[in-house]
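Structure first, commentary second.
Please treat every number below as a calculation from the coordinates, not as lab data. Just so you know, these numbers come straight off a predicted model, no measurement behind them. A quick note on method: Cβ atoms are made from the backbone with ideal geometry, for glycine too, and the neighbour counts reach across all protein chains shown.
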Amino acid sequence: MKLLRVTAEYAHGICVLKSYSRYLGSSCVDLTAPGDAALVVGSSRELVRRLGSQVEVRTGFITQEEEDALLRELEPGLKKKRYEFNHWDDAIHGYRETERVTWGTECQNILNRVRSGAFAAGSSLLGPVHVLDLDKTGYIKPHIDSVKFCGSTITGLSLLSDSVMRLVKGDTPSEWLDLLLPRRSLYILRDQARYDYTHEILKDEKSMFNGEKVPRQRRISVICRNLPG
Ligand code: OGA
Ligand code: MN
C-alpha cells in the first residue's frame, strides 16, 4: 500500500467559513445530500465553492449496525497485526492495514452502496478494498495517492472516530480545505481535489475543525478507488 502514496511537505494560512458547533448541534445532524457544506471549510469561500463539487462528505452514510457488521468482519484479521510506528519514510504513522476482496453479504451490500454512490456506472474499480486502522495516536501525513495505481476518485468510510482530513494545494500551500469526517460518514475526493491537493488525516493534538477540537480515537477507514483511465 506504501506504493499508493507520494508524501509532501506544506505550510498553510487560516480562514474558516462555517462552524463545527453546527455539526454538534442537532440542526446539523440532518444533512443536505449529496455533500454537507458545513463539513467543509477552507482558505477562501471561492475555493470552497470551486472545489465543492469534487469534495463530498456524507454524514450517517452507514448505521451503527452496519458499522458493527464491518468491524465484526475486519477486527479478527486486524488484531493479528501490530501497529507500525517506526517507519520514518512512511506516509502513515501508527497504523495497520489490510486489503479485502471477498466480503459477507451485509458488508458487500454496504460496499455496493459506497461504490454506486461514488463512481460512475461502468467505471473500472480497483478490486481489493483497502482497510486502514489508525491507532488513537496515528495519523496520515500529506500525500497524493499514486496516479500510476489509482484513478480520479477516492472514497472512504470512517469507522469508530470523527477525524479531520486536510487538503492542501501542491503548488500553492495557502490554498487549503478542511473536511470534518464524522464517524460513519463517507467522503469522496475527485479530480483536482485528488490530483492537485495533498490529503492527510490530522493527529489528535492537531485535530481541530473550524477552531474546535475534534478528539481522535482509533479510526478505521474502508477505502475504495478506481483504476487510472
Ligand atoms: C490513504 C489515505 C485516508 C483515510 O490510505 O492513502 O489517504 O481515510 N487514507 O484513511
Ligand atoms: Mn491517500
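Results, tabulated for the structure shown:
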{"item": "Mean projected area (nm²) of the alpha-carbon convex hull when segment 100-229 is viewed from all directions", "result": "8.1 nm²"}
{"item": "Equivalent ellipsoid semi-axes - Cα gyration tensor, segment 135-210, angstrom", "result": "20, 15, 11"}
{"item": "Zero-based 5 Å bins, Cα pair distances in segment 46-122, whole percents", "result": "3, 11, 15, 16, 17, 17, 14, 6, 1, 0"}
{"item": "Ordering of 67-78, 186-197, 39-50 by burial proxy (mean other Cβ atoms within 10 Å per residue, highest first)", "result": "186-197, 39-50, 67-78"}
{"item": "Segment 35-83, Cα convex hull volume normalised per residue, Å³", "result": "118 Å³"}
{"item": "Ratio Rg/Rh, restricted to segment 114-170 and using Cα atoms, in which Rh is the Kirkwood radius", "result": "0.96"}
{"item": "Packing-based order for 212-219, 80-87, using average beta carbon neighbours within 10 Å, highest first", "result": "212-219, 80-87"}
{"item": "At R0 = 25 Å, FRET efficiency that the Cβ-Cβ distance of residue 192 and residue 124 yields, to 0.05", "result": "0.75"}
{"item": "Inter-centroid distance (Cα atoms) of segment 166-193 relative to segment 70-110, Å", "result": "22 Å"}
{"item": "Test item: Cα-centred dipole of segment 103-204, Lys/Arg +1 and Asp/Glu -1 on Cβ, debye", "result": "200 debye"}
{"item": "Amide proton proximity set for residue 162, modelled H, under 5 Å, gap of 5+", "result": "183, 217"}
{"item": "Lys/Arg +1, Asp/Glu -1 at C-beta; segment 86-126 dipole; positive extreme among 94, 114, 126", "result": "114"}
